[in-house]
1. What translational diffusion coefficient, in µm²/s and rounded to a whole number, does the Stokes-Einstein relation yield for region A:44-191 at 4 °C and a viscosity of 1.567 mPa s, taking the hydrodynamic radius as the Kirkwood radius over Cα pairs?
2. How much accessible area per residue does region B:208-346 have, in Å², with a 1.4 Å probe?
3. Heavy atoms only, probe 1.4 angstrom, no DNA, RNA or ligands counted: give me D:Lys92, B:Lys94, B:Lys112, C:Lys202 ranked by accessible area, highest first.
4. Could you please put A:Arg210, A:Arg186, B:Arg274 in sequence from largest to smallest accessible area, using a 1.4 Å probe?
5. If each of C:Asp277 and B:Asp171 carries a label point 7 Å out from its Cα toward its Cβ, how far apart are those two points in nm?
6. Roughly what angle does helix D:211-223 make with the longest principal axis of chain D, taking Cα atoms, 0 to 90 degrees, to the nearest 10?
7. With +1 on each Lys and Arg Cβ and -1 on each Asp and Glu Cβ, how big is the dipole of chain A about its Cα centre, in debye rounded to the nearest 20?
8. List the residue from chain C whose beta-carbon is nearest to the axis that rotates chain C onto chain B, together with that distance in whole Å.
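The values are calculated or read from the model by the stated rules, or taken from the named source; none is laboratory data. What you are looking at is a predicted structure, and each value in this text was computed from that prediction instead of being measured. Don't worry about glycine lacking a Cβ; one is built from the backbone with ideal geometry, like all the others, and counts go over all protein chains shown. The accessibility values were calculated without ligands, DNA or RNA, using every heavy atom of the protein model including side chains. Shrake-Rupley method; radii C 1.70, N 1.55, O 1.52, S 1.80 Å.
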Number of protein chains: 4
Amino acid sequence: MIKAGIIGSTGYAGAELVRLLMQHKHAEIKWYGSRSYIDKKYYEVFQNMFEIVEDKCLDDNMEELSSAVDVIFTATPQGLCASLVNEEVLSKVKIIDLSADFRIKDVNIYEKWYGIEHKSPQFIDEAVYGLCEINREKIKGARLIANPGCYPTCSILSIYPMAKEGIIDTDTIIIDAKSGTSGAGRGAKVNNLYCEVNENIKAYGVTTHRHTPEIEEQLSYASGREVILNFTPHLVPMNRGILVTAYASLKKSVSYEEIKSIYDRYYKEEKFVRVLDKGVCPETRWVEGSNYVDVNFQIDERTNRIIMMGAMDNLVKGAAGQAVQNMNLMFGLEETEGLLQVPMFP
Amino acid sequence: MIKAGIIGSTGYAGAELVRLLMQHKHAEIKWYGSRSYIDKKYYEVFQNMFEIVEDKCLDDNMEELSSAVDVIFTATPQGLCASLVNEEVLSKVKIIDLSADFRIKDVNIYEKWYGIEHKSPQFIDEAVYGLCEINREKIKGARLIANPGCYPTCSILSIYPMAKEGIIDTDTIIIDAKSGTSGAGRGAKVNNLYCEVNENIKAYGVTTHRHTPEIEEQLSYASGREVILNFTPHLVPMNRGILVTAYASLKKSVSYEEIKSIYDRYYKEEKFVRVLDKGVCPETRWVEGSNYVDVNFQIDERTNRIIMMGAMDNLVKGAAGQAVQNMNLMFGLEETEGLLQVPMFP
Amino acid sequence: MIKAGIIGSTGYAGAELVRLLMQHKHAEIKWYGSRSYIDKKYYEVFQNMFEIVEDKCLDDNMEELSSAVDVIFTATPQGLCASLVNEEVLSKVKIIDLSADFRIKDVNIYEKWYGIEHKSPQFIDEAVYGLCEINREKIKGARLIANPGCYPTCSILSIYPMAKEGIIDTDTIIIDAKSGTSGAGRGAKVNNLYCEVNENIKAYGVTTHRHTPEIEEQLSYASGREVILNFTPHLVPMNRGILVTAYASLKKSVSYEEIKSIYDRYYKEEKFVRVLDKGVCPETRWVEGSNYVDVNFQIDERTNRIIMMGAMDNLVKGAAGQAVQNMNLMFGLEETEGLLQVPMFP
Amino acid sequence: MIKAGIIGSTGYAGAELVRLLMQHKHAEIKWYGSRSYIDKKYYEVFQNMFEIVEDKCLDDNMEELSSAVDVIFTATPQGLCASLVNEEVLSKVKIIDLSADFRIKDVNIYEKWYGIEHKSPQFIDEAVYGLCEINREKIKGARLIANPGCYPTCSILSIYPMAKEGIIDTDTIIIDAKSGTSGAGRGAKVNNLYCEVNENIKAYGVTTHRHTPEIEEQLSYASGREVILNFTPHLVPMNRGILVTAYASLKKSVSYEEIKSIYDRYYKEEKFVRVLDKGVCPETRWVEGSNYVDVNFQIDERTNRIIMMGAMDNLVKGAAGQAVQNMNLMFGLEETEGLLQVPMFP
């Protein structure tokens, strides 16, 4: 039985980790970290856990935690994991960081986009970007996983085969993304109140969102050249779900069948990536509560562009589900263990 | 492996049955009945099932079906199950009817409230009302289960201990219930369009809703006297969930502790009924996607009334989940098999 | 032109006052009070007011304000208005208080239910309860108006004719109310975040909600005897709207026509109260954005009860609209001035 | 008093026309056309109109109607207006067509994208594209107005100054649009049911949406060269609102101030187009219920692109509001008459 600790277990991503790990055969949670709710029963924060979780919330003590568990999930604000991790900790325990601290290899880019100093840049190189479908082998041997961001997971998986195979002109990539509100976290802010979000749609962080360099870096690896792109996130009045609509110019004329065969080749063996049938657009409702990413594309011969689309649950494949998928790989378990929830509809 | 057939698999309750049975260790679906979508792939109707269900929809043929499976779930409009069932079918297969056809013992009451003729009244007596927490032993030996209605399940479980123990004056019961929109079914009606339901709350079926006599009958059994009550359902702009707020006068002065101990006595051993802590009101968000019913109460000394509250997922404990729970009991399986989904939040 | 000042103009009720007064022919806002946003442009808080309101927010200074305007609206937390008002202020300016400070005549009851000391009980007697349909004449001559609460407005107007005419047994009144989330205010609290409210319904303040004594007092005046009742509010995932479903036993057998004629008699001349056609239930969507209250009833012969229903927009007739209606009466204007917005659907 | 008739008054756009015209000083509705509800009281279809509209629905008879009124609004499915209009009708009455029949000057393009034969191509030339901010003078003298589509109105107004001034490379325009569900109409379709739309976002009509050629034609006029672009609409779980996020490459390096001054020059005198302050993104909540379009832009120096954004209420400026604005111009009234509703929030 893998002993797991969660630092930041009372945010939405932390709570989703709890939900998934409670249904995992080979893992048990030993530490519900939550600086805000120390000594409060976990189920008093999330009543869905009544009669399921009896533990109380504990402080976010990584030192102590590293001796008590086999794996630590950090679902915390940017900068916290980097400030807590050190060689001693890493020698004792595996860390899966759901924050952005170790996702970007160039520390200058991290510090510029995030506006904070990186407290342990010496571990950036070692950290593995935990997008399982792409870095599976590296993940298996890693001590420190940078769990990908929600928008990057959906964006990269939607575009990756096209970038990797050189089908698209990577200078023309535009990603227009839409997210449910759980992505904004559980902090008490006026902007996230029900009446402010409901009956509204807006773009935010236009040209400045922090997930931009993360997507660019991964697509640069894929295409073998530097990718600079536009990424525009939008806030949608729904709880869960991310939809990515990405645009790029085709480098040459290609048929539907050619593109379809490429996507199939990349994802046929991937349990959690579903390439939809011709003409079927991904929709967030069809993946809710599950670890699936649904992808598809449409060629526009009039403009010589391809529209690449992806839908997933931001809290599962975009956060906690992918973290568990990484844990499974790191501990030699079946990759799908604890992650076979059938999407819930409606 | 139990072989299951579903008649009416493309409504919301039918689809939820599919979701639950796909995660059940000892059951497999052999027949996806759907008169509206014959020969269409099931996943084309519900894309969440893409790469999960490969079958096509079949006609609603109970004769043929009874030879092919061990259990038939009918998630169909009122009257259909009663028109299809016969002794030969029942001799070969167990039937769990999610419609109202066999819930009410007095066929006159059924015909009056439902406005249709009952086509097989000879089986009403045999049918067992499948509220597992109350009729567990009878369910185990039944051939034909009348799976309870969504509102009745939540209403009865909220009130039952008080009625049974004679704590409340059953002449004073008023049930004010609120339901998510999936309870209205997947039929294409203007009243259920997004823009008609969203940003709205309304009562409907005031004094005339068909679940009234079902609740009355069960509470009459519990209290040992005829119960006539008010039941008012409301439509709430959300997908899933039923909340019951029930009022009754106390027959004598009682303390919180006395009432609490009664609820605990009735439900302590019940996995799927959670009696909440003092002062915590049931909320539908805490049971979404799960088979739990959360109940609690509040005593009002000023008016000498008790307010009894219950929350559950109308598609799970209120329909498909309870049907699976019944199946488990009928086939001698662990009652909770396939039903231990942790509630999903948010 | 009436000069108006608003203390608390950046809450939801305050903002609705601004919306309505901007469309009022004979009033203009001279003071946008908001302690939280002093010196910030009003439209920067509410971007709907861009190019409509150019003013900046000012401090909540009632002394200064009383010399600058003809009428002050206080849309502030409980206790603030009572702490600011004095004889000098009242000698110069009319006050319409949207908080609860002057609604309850018995100061002990106020202090018990609200848990705060009343700072100016000497004005309670003078204050007029501003439910225009009932206290119209008194309002015309008042200096200080206690603008009714949202739930009380809808509850009282739904029940009033029945209580006044002695049709119902007032000992049996149960009010089950449902409100949109704007009623919870614009404060940044976790419980009001989008993901907490969406896809959820819950009761709150069961047996303890502060609007209970306000409703009881008014219905006591109507019926001529002390009324004690149950009032249970629920939070609904929508922005605006209150629905009241009220139950009471009939004192004798009455026909639909008898009751209908009573409601018609009370409300036929009332512009803002619409008695719906037989069998039509009030729904919040049909009054959104308007000052209407839609009421109707259903007699249940089986239980000898009447179900009285009402629907209105909590921010209009339940707050800002009624405040403007009061202002119109106090200043001798047409009662409907600025309040004839057609309900917006969808 | 202008006498108005509405053909198709019981769809969402038709109902919004009724709402707006009821608040218009110089117009009155003489004909509530609705083939589906002939002889039914209008308020029985839309209960918000109870005690406001007493008329019954009438058949869609344009001949008879043309003698009875001064202006006819057709809020009907594609093809109907074209099949009803003729010279005699046009000689007697002005027509404002909210369908697409007369929006596209090249009948072949219309027939290809809409898949139907145009029944009166002889009037296409005469028809004026009723985007008031651009074609104001032509509208004043027109007999037949092609009221613009919802997406085109928002898209064109967001992009127009940049296309007209040659700031952007029109070969690179990508429009990613998001709409509330009222845009899908009031037809009873499974895809528009509450539970299908709620908690979901999806793209639809990718590369094939019929508003594409309408936008292209207008931007071609603006830029003086043929524009071919990508337009991708998305369905958002909300009632009202359209948000456009449009991307294009800049032809040369420009500053924020230069672009801002262009937008201001085009829209400073336009009551209904609001160019927001620097850094403020348009949001649909700030225009709900009003005729405003909020626009803004963001320059991305990294990619040399400009992101142009617009938000409006699809039923007002995107349909009924613009139709009334056109009527005002055609009849020599104040352009803003009946259209000064302050946006409603929340």
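1. Values: Rh = 17.7 Å.
Estimated diffusion coefficient is 73 µm²/s.
2. Values: 3940 Å² over 139 residues.
Per residue, region B:208-346 has an accessible area of 28 Å².
3. Values: D:Lys92 85, B:Lys94 50, B:Lys112 155, C:Lys202 25 Å².
Result, largest first: B:Lys112, D:Lys92, B:Lys94, C:Lys202.
4. Values: A:Arg210 95, A:Arg186 35, B:Arg274 0 Å².
If we order A:Arg210, A:Arg186, B:Arg274 from most to least accessible, we get A:Arg210, A:Arg186, B:Arg274.
5. That separation, rounded to one decimal, is 3.8 nm.
6. Approximately 60 degrees, to the nearest 10.
7. Values: 38 positive and 48 negative charges, 77 e Å.
About 380 debye.
8. In residue-and-Å form, the answer is C:Asp176, 2.
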